[in-house]
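Derivation of every value follows stated rules applied to the coordinates shown; laboratory data play no part. What you are looking at is a predicted structure, and each value in this text was computed from that prediction instead of being measured. When we count neighbours, we look across all protein chains shown, and the Cβ atoms used for this are built from the backbone with ideal geometry, even at glycine.
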Amino acid sequence: MPSSYARYPKGLRGVRYCEVLLLRKEGGAYVAHVWNTLGMSACPAAEWNAIDFGALAKERAAVVALKNGPRFWMLDEIISNLRKGAPTTRFGTIAMFEAATIRFGSKIPDQSPYLSRRIVRDTIFRFKAGRRVYQLTDPEGRPYVMQSYAQIKDPTLTEARLGTLGTVLHLPPGWNFSTRVLSADLDVHSTKGVATVVQDELQNTYQRIDAQGAG
């Protein structure tokens, strides 16, 4: 899969982006369509804050429109064809493309933290050797690496403060937060077109490292 994001020659780490999630009921199940600014807009704060998400839900015939941003990538490269042929739109003045879908059951999805969710997208997230990464480990010992941090719940959060999250997060029993410097590149794959992710209570997002990953 070629990279769709060659326009970032210095890598994606620290790049700001935003997402809009449109939740609809389709065929008896709830589905969230995830729209992303990457490569299309820098998600200017004034334009982002001007979006009326209640009005947006009505306009787009959604059960709810969810504001997911601003966010900042913690990976270096995305290897994917996500942008190829993807629908595009504007929310207010901000251009976005449809990056993924999240399929739920017949009930309104639970947005509680530390619940794993399956996201339909075919990607490799690459973290370069020498980078510091931030991880959650679940009670079964499965590691999740932070793909992005958010300024949704805490607008003052920066990369420099991520190392102290272990003293801030209220981790459920059996969960662990850790940080390490990579000795080799780490490739975090989706599995058969599906990525498994969790969020902490600050809405930082982590993807599970499945068997294909290394580092």
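In nm, to one decimal, how far is the modelled label at A61 from the one at D210, with both set 7 Å along Cα→Cβ?
3.3 nm
Taking trypsin sites (Lys or Arg not before Pro) as candidate sites, keep only those in a DSSP loop with at most 13 other Cβ atoms within 10 Å, then name the longest stretch of the chain containing none of them.
11-83
Lysines within cross-link reach of K58: Cα-Cα under 23 Å, excluding same-chain residues under 8 positions apart?
By straight Cα distance, K58 reaches K25, K67, K107.
Quick one: Karplus J couplings for the stretch 71-79, per residue in order, coefficients 6.51, -1.76, 1.60, θ = phi - 60°, nearest Hz, x for Gly and Pro?
Using θ = phi - 60°, the values come out as 10, 9, 5, 10, 9, 9, 8, 10, 9 Hz.
For a label point 7 angstrom out from the Cα of V197 toward its Cβ, which stretches of the stretch 66-80 have the backbone nitrogen within less than 13 Å?
So the set is 67-75.
Any idea how far apart Q111 and S178 come out in nm if each label point goes 7 Å out from Cα toward Cβ?
3.2 nm
With a point put 7 Å past each Cα toward its Cβ, work out how far K25 is from K84 in nm, to one decimal.
Here the answer is 3.7 nm between the modelled labels.
If you take every residue apart from L171 with its C-beta less than 14 Å away from the C-beta of L171, what net charge results, scoring Lys and Arg +1 and Asp and Glu -1?
-3
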